[in-house]
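Below: one structure, written as structure tokens.
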Amino acid sequence: MRISGGSARGHKLRVPKSGVRPTPDRVREALFSILYDRLDGAHILDLFAGSGSFGIEALSRGAKHATFVEKNRKTTEILKENLANVRLREQSQVFNTPADRAIPKLTALAARFDICFLDPPYDAGILEKTFHKLAGTELVAANGCIICEHHSHAAAPSAPSGWSLQQTRSYGDVTVSFYLTNVEEES
């Protein structure tokens, strides 16, 4: 797997041999084409980070900071190695903890994110629960977005109160659903 754009373009990322299903390159390229206008100076949250490909790509393309959450210790070490190899460690923070525990920790730190990416294992059954937990906090900036990656055969997670599904894009077996806050409707 390689970084496809920005300052780290062409750098190869190390991927754990088991337990991780990296977002395919063509899906990441499509995502970043959609997110182009949101990246400059953005704060990124990469939950279920795995090798860190989403957050690293975002940093490479102009995001200011990325926070990575990965529960597996060995995978977290590979993620840190990837960040060091592309020289983006200084712009990042890595938490070796499950996502459901990281959300209250980040809330206590008063963190704010412009783009949040959720890509849990498809068969874990935790995407919607984690999405709703995250959306119920103040972690997402007022004009922020949450992106959920899921299997194309699964329905997009339901939008919690204050959020709306803006678009869904499918790429073979992978689907990404984009959610925005309903800030304009509340004004």
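Per-structure values
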| quantity | calculated |
| --- | --- |
| Restraint check, Lys105/Lys129; Lys71/Lys129; Lys74/Lys105, Cα-Cα greater than 19 Å | Lys74/Lys105 |
| Carbon + sulfur, % of accessible area of the chain - ligands and nucleic acids excluded, 1.4 Å | 46 percent |
| Accessible surface, per residue, of segment 77-187 when the full set of protein chains is kept, probe 1.4 Å, Å² | 51 Å² |
| Shape category assigned to segment 76-187 from the gyration tensor of Cα positions, a/c cut at 1.5 | oblate |
| Long-range HN-HN contacts of Phe113 with modeled amide H, under 5 Å | Val140, Ala141 |
| The chain shape via C-alpha gyration tensor axes, a/c threshold 1.5 | rounded |
| Solvent exposure of segment 1-68 as accessible area per residue, Å², 1.4 Å probe | 45 Å² |
| Sequence-distant residues sharing a close amide H with Gly5 (under 5 Å, placed H) | Gly10 |
| Estimated dipole of segment 62-183 in Debye, rounded to 20 [Cβ of Lys and Arg +1, of Asp and Glu -1, Cα centre] | 360 debye |
| Student exercise, segment 1-136 dipole from Lys, Arg, Asp, Glu Cβ charges, in Debye to nearest 20 | 380 debye |
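The values are calculated or read from the model by the stated rules, or taken from the named source; none is laboratory data. Here the structure is a predicted model, which means the values were calculated and not measured. Backbone-built Cβ (ideal geometry, glycine too); neighbour counts: all protein chains shown. Ligands, DNA and RNA are stripped out before the accessible areas are found, and what is left, the full protein with its side chains, is counted by its heavy atoms. Shrake-Rupley method; radii C 1.70, N 1.55, O 1.52, S 1.80 Å.
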